[in-house]
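The structure appears right after this line, and notes come after that.
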Amino acid sequence: MPEPLLQFDHVTKEFDLNKNWFGKPSNAFRAVNEVTWQVEQGAALGIVGESGCGKSTMARMAVGLELPTSGEVRFAGKTLGQWLKEDAILLRQSVQMVFQDPSASLNPRQRIREILELQLQRLTDFRAEQRTQRMEEVLEQVQLPSATLERYPHEFSGGQAQRISIARALISKPKLLLLDEPVSALDVSVQAQILLLLEEMRKELGVTYVFISHDLAVVEQLCPNVLVMYAGSIVESGPTRQLFEHRRHPYTDLLIKSVPVPGKSLELKSEEKADLENQGGCTFRNRCPKANQQCSRVPNLREVRGSIGGHECACHYPLSEAA
Amino acid sequence: MVEKTTPALEFWQRLNRNRLSTVGLLMLGFIFALCLMTPWLPLPDPDVTDLANRLKTPLSSNHWLGTDELGRDLLSRLLWGTRVSLVVGFVATLAAALVGSLIGLVSGYFQGWIDSGLMRGVDTLMAFPYMLLALAIVAAFGPGLLNALFAIAIVNVPFFARTVRGATISLVKREFILAARLGGASHFDVLSRELLPNILPVIVVTISTTAGWMILETAGLSFLGLGAQPPTADLGSMLGEGRKLLFTAPHVSTLPGLVILILVISLNLLGDGVRDVLDPRLRGGALRSPQPRTQVLSTELSSGQVGLTGKLVVHNLTTELFQQGYAKPLVRNVDFELRPGECLGLVGESGCGKSVTALSLAALAASPPLQISSGTVKLDGQDILRLPLRLLQDIRGKRVSYIFQDPLATLNPVLTIGEQLIQVIRRHQSLSSGEGYAEALSLLSKVRIPFPENRMKAYPHQLSGGMRQRVCIAIALANRPEVLIADEPTTALDVTIQAEILSLLNDLRQTTLADSQTGQKTGLSVLFITHDLGVVSTICEKVAVMYAGQIVEFGETKSLLESPEHPYTQALLACTPRLGAKEKVLGGIPGTPPPPGAYPLGCGFVDRCKVASAKCQQPINLLQLSSERQVRCVLKQESNA
């Protein structure tokens with residue numbers, strides 16, 4: 001068993017919505033709730049969920065932009081808190097992130113040369129000619145001409161800008177790359193180009209990926225393993241193909257059935273949904289067709305019986321094999 | 001492609017477009033030049049008194065502008081005084097800008113308690129009337145030009161601090177700042193190299209709009225005797241000295257007053273121009289407010305395909321972007337028809353012209369800069385593009401209605417859902433407000449919004465994204481439209497919510513169809529614009545695929561997606577990832593689509609096409625393959641010939 005590169009250990013993140021007069025939080029929103037998972041060196045893990053499910057908060061905690069309210073996030077055995085105190089530069093070198101909006105993730109007032117060079121100046125002690133060499137190298141890896149260096153971000157299309165973002169993330173030769181919806185803002189034809197690039201980079205450089213997306217089909221392209229999140233909790237996890245084919249959680253089922261596929265018509269059900277706000281218990285119970293009294297207890301993530309490869313599901317009434 | 005311009009050159013070109021600011025610049029330049037030359041001009045000493053020649057009127061010998069009560073030459077005093085006022089005003093502006101921007105940057109960047117602390121201090125400064133505060137500061141330090149300068153600078157710090165803080169806060173959450181922090185940048189590094197260059201235009205704009213005001217304030221303090229001390233001349237003190245003689249020798253106070261007026265006006269005119277050029281919110285033609293309808297250039301009346309009897313027949317529609325004397329087509333010769341009760345999908349990637357097409361149908365494309373250069377859009381045989389505005393407005397929202405991508409941007413944030421619905425209903429139907437309310441309520445339940453009575457009183461921000469889009473659908477359906485144009489209505493929604501909205505739209509379409517079978521034979525026709533081929537399969541009977549402003553393929557959804565004829569449709573389908581598919585779709589289509597307005601004359605897909613040849617460079621017509629199938633490709637034309 002290879003050593004985990006990134007570990008989330010019972011991690012919870014709360015945001016204060018209101019503060020009282022003394023600055024004490026009076027109303028907190030739990031974005032991530034007691035989440036435990038890990039990713040091994042060289043692996044690619046997908047995290048899937050809809051907006052507001054806490055997946056971006058997890059990404060921010062994974063790179064140390066946010067610190068957990070409770071629980072621990074560990075990179076290579078040390079907590080991020082320790083890393084930031086002891087060797088923040090090495091952590092930044094080793095853990096990088098690519099953001100969703102390619103045009104917002106490049107400083108509009110800097111040429112690409114400055115964007116890339118600043119990253120190298122801040123993270124390495126390369127001399128000027130080493131920096132130039134590394135910049136050209138990494139641009140070649142992301143298949144952009146070296147003339148790119150002299151241009152400004154607004155001169156590039158979304159796909160090209162995302163390549164530049166990837167180049168910036170890879171320039172310090174990181175071990176772990178967090179990809180937060182890196183292709184969601186791109187057109188399908190360009191999205192597939194970027195996915196191929198990411199796949200090649202992973203094979204070539206051995207970088208570990210944590211790939212966050214709302215799009216199941218995109219995750220399936222790149223990640224052998226996947227977590228499905230709903231309202232701050234992991235509801236199902238396991239090998240991607242197996243999880244999608246033999247899904248057990250009613251939410252995963254709803255999610256997969258809602259994805260429109262070209263050439264096939266969605267089965268559109270016009271079900272009336274109860275708008276009741278049930279507090280506590282399973283987070284999905286208000287939308288779940290199978291929910292009953294039992295669901296007021298929080299379900300734990302348990303291994304699916306008879307599964308291989310660590311397929312887990314958090315549901316009191318998992319779907320049967322036939323579903 | 002793009003004309004070679006340096007940012008500085010572009011700045012001047014844009015500034016010059018605002019004529020008034022050019023005038024301001026010229027006036028200011030003239031005053032500056034005069035002030036710079038003053039020491040070398042053959043003028044008498046401004047401070048030497050000559051009681052024999054006191055209160056000379058303008059145009060008297062040796063004294064062009066006359067003298068004051070001590071016989072000092074007014075022209076000389078005016079020029080020297082303007083120098084002083086300008087220097088004090090500008091130094092105070094720069095000082096306020098420096099300190100204020102620093103406070104704004106730091107508090108906007110760090111936020112939390114640093115922000116609270118700094119901003120409460122700034123608020124305290126702002127709570128005093130500015131003149132009173134300046135008076136207090138001068139009173140504490142004693143009168144004098146330098147102290148007046150300090151006072152003016154301090155009084156104006158809050159203005160800069162608040163403006164810069166606002167701009168900083170809007171940038172701090174941007175991904176490039178996060179990326180810099182992840183790149184190991186120190187706080188100072190982020191502030192100076194990432195934030196400051198982006199804030200600088202805001203600071204310059206603020207300087208240019210406040211400098212005139214600051215000069216006025218300096219003059220005010222001097223007028224009260226707290227600024228420049230005798231015998232030093234400055235515009236304010238000259239005004240003060242002349243006040244006593246307002247009736248006997250009006251020129252002594254009128255002349256410095258005029259100079260102040262000209263100075264401040266020219267600075268404000270220039271400041272306005274600078275703001276227009278640099279303010280990002282005013283860029284991109286936002287200053288020119290669009291007309292209520294798209295400009296239609298041609299006057300074709302009866303052209304159009306014979307035999308098309310659809311509800312909505314679009315023929316030869318071309319919409320162009322008109323900028324700086326050039327017309328660049330965004331939508332090129334689009335033809336399609338929407339039959340009663342039919343749902344037609346218009347599919348394409350961003351920048352292919354599908355949204356401009358949608359907006360052009362009811363002449364809603366923003367004009368300027370857009371214009372419709374040819375084509376007709378016929379609703380039941382009547383060309384709606386060329387209707388008088390009043391009749392067109394009667395059609396919009398009644399017979400033809402729209403749903404857009406972002407419901408939060410579509411709904412008015414300060415009106416309740418109920419008010420917005422009732423407004424739309426009563427615009428087109430003569431109902432009492434009570435009847436309007438009842439109608440609105442029934443619409444909300446029709447789009448399956450639970451507890452409609454409560455939701456009538458809700459504001460848009462209190463609803464979830466899916467609920468908001470339901471409200472937009474209710475508004476679109478309020479007046480029982482014949483044609484519904486839905487522009488990416490589910491793109492901003494989660495897939496599970498998207499499925500619900502699609503199901504709702506489908507049901508609504510079917511129920512209107514059922515209604516019509518009893519009465520007239522008109523069902524709701526839907527033009528559904530999307531980039532998602534999966535969504536099309538779910539809801540549309542027919543599809544038109546757009547690329548580079550043209551329809552490249554048209555057909556029934558099922559057959560088009562099963563056997564695409566155009567190389568673009570084929571490639572697009574091949575690179576759409578499908579859940580559980582055996583093969584991965586890694587790779588995509590090489591290259592990028594041509595940017596809007598730079599479409600080639602021939603096939604738009606030629607640069608990315610695997611089977612392109614030299615023939616693809618010429619304009620290609622849509623080829624009718626069968627009664628319900630069209631394709632725009634040279635290869636098909638050859639194989640069919």
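Residues in region B:408-458 that are without any contact (Cβ under 8 Å) to a residue 12 or more places away in the chain and within 24 Å of B:GLN393 (Cβ to Cβ): B:ALA409, B:GLU419, B:GLN423, B:ARG426, B:SER430, B:LEU431, B:SER432, B:SER433, B:GLU435. When region A:118-140 is filtered for residues that are farther than 20 Å from A:ASN107 by Cα and in contact with a helix residue (DSSP H, G or I) (Cβ under 7 Å, 6 or more places away or on another chain), the ones remaining, listed by number, are A:PHE126, A:ARG134. For region B:392-433, the set of residues classified as of a type in the set (A, V, I, L, M, F, W, C) and either within 21 Å of B:ALA486 (Cβ to Cβ) or touching a strand residue (DSSP E or B) at 6+ places or on another chain (Cβ under 9 Å) (or both) consists of B:LEU392, B:ILE395, B:VAL400, B:ILE403, B:PHE404, B:LEU408, B:ALA409, B:LEU411, B:ILE417, B:LEU421, B:VAL424, B:ILE425, listed by residue number. Going by the structure shown, is A:GLY77 at pLDDT 90 or above and at positive phi? Criteria met by A:GLY77. When B:VAL331 is tested against (1) surrounded by 20 or more Cβ atoms within 10 Å (Cβ to Cβ); (2) modelled with pLDDT under 80, only condition (2) is not met. Taken together, the residues in region A:238-249 that are touching a Leu at 6+ places or on another chain (Cβ under 8 Å) and buried (at least 24 other Cβ atoms within 10 Å of the Cβ) amount to 3.
Criterion first (closer than 19 Å to B:VAL252 by Cβ and either surrounded by 12 or more Cβ atoms within 10 Å (Cβ to Cβ) or of a type in the set (A, V, I, L, M, F, W, C) (or both)) does B:GLY66 satisfy it? So B:GLY66 fits the description; yes. Of the numbered criteria (1) under 30 Å from A:VAL73 (Cα atoms); (2) within 19 Å of the chain's Cα centre (by Cα); (3) surrounded by 20 or more Cβ atoms within 10 Å (Cβ to Cβ), the one A:LYS175 fails is (3).
Within region B:159-198, restricting attention to residues that are of a type in the set (Gly, Ala, Ser) and facing chain A (nearest Cβ under 9 Å), the residue that is surrounded by the most Cβ atoms within 10 Å (Cβ to Cβ) is B:GLY183. Just one of (1) within 12 Å of another protein chain (Cβ to nearest Cβ); (2) at pLDDT below 90; (3) farther than 17 Å from A:LEU178 by Cα fails for A:GLU3. It is (1).
B:VAL471 fulfils the conditions (1) in contact with a strand residue (DSSP E or B) (Cβ under 6 Å, 6 or more places away or on another chain); (2) outside any loop (DSSP other than H, G, I, E, B) except for a single criterion, (1). In region B:124-131, the count of residues that are exposed (fewer than 15 other Cβ atoms within 10 Å of the Cβ), among the small types (Gly, Ala, Ser) and without any contact (Cβ under 8 Å) to a residue 40 or more places away in the chain is one or more.
Going residue by residue through region B:98-105, is there one that turns out to be at pLDDT below 90, more than 24 Å from B:PRO230 (Cα to Cα), under 36 Å from the mean Cα position of the chain (by Cα) and hydrophobic (A, V, I, L, M, F, W, C)? Within region B:98-105, not a single residue is at pLDDT below 90, more than 24 Å from B:PRO230 (Cα to Cα), under 36 Å from the mean Cα position of the chain (by Cα) and hydrophobic (A, V, I, L, M, F, W, C). Against the condition modelled with pLDDT of 90 or more, within 24 Å of A:GLN38 (Cβ to Cβ), within 18 Å of the chain's Cα centre (by Cα) and among the aliphatic types (A, V, I, L, M), how does A:LEU170 come out, does it pass? Spelling it out, A:LEU170 is indeed modelled with pLDDT of 90 or more, within 24 Å of A:GLN38 (Cβ to Cβ), within 18 Å of the chain's Cα centre (by Cα) and among the aliphatic types (A, V, I, L, M). Entry remark, region B:374-385: residues being in contact (Cβ under 8 Å) with a residue 60 or more places away in the chain and surrounded by 17 or more Cβ atoms within 10 Å (Cβ to Cβ) number 8 in total. Here is the figure for region A:236-295: residues that are among the acidic types (Asp, Glu) and at pLDDT below 85 total 5.
Summed over region B:477-512, the residues that are more than 14 Å from chain A (Cβ to nearest Cβ) and either crowded, with 24+ Cβ neighbours inside 10 Å or of a type in the set (Val, Ile, Thr) (or both) give a count of 6. Looking only at residues in region A:89-107 that are out of contact with any Asp or Glu (no Cβ under 8 Å at 6 or more places or on another chain) and within 7 Å of chain B (Cβ to nearest Cβ), the one that is nearest to A:ALA161 (Cα to Cα) is A:LEU106. Of everything listed in (1) closer than 18 Å to B:LEU261 by Cα; (2) over 34 Å from the mean Cα position of the chain (by Cα), the single unmet condition for B:PHE90 is (2). Would it be correct to say that A:LEU116 is buried (at least 20 other Cβ atoms within 10 Å of the Cβ) and either within 17 Å of the chain's Cα centre (by Cα) or modelled with pLDDT of 90 or more (or both)? It is true that A:LEU116 is buried (at least 20 other Cβ atoms within 10 Å of the Cβ) and either within 17 Å of the chain's Cα centre (by Cα) or modelled with pLDDT of 90 or more (or both). Selection of region B:454-504 for residues being among the charged types (D, E, K, R) and within 27 Å of B:GLY351 (Cα to Cα) yields B:ARG468, B:ARG470, B:ASP487, B:GLU488, B:ASP494.
The values are calculated or read from the model by the stated rules, or taken from the named source; none is laboratory data. All values derive from a computational prediction rather than experimental measurement. FYI the Cβ positions are ideal-geometry reconstructions off the backbone, even for glycines, and counts take in every protein chain you see.
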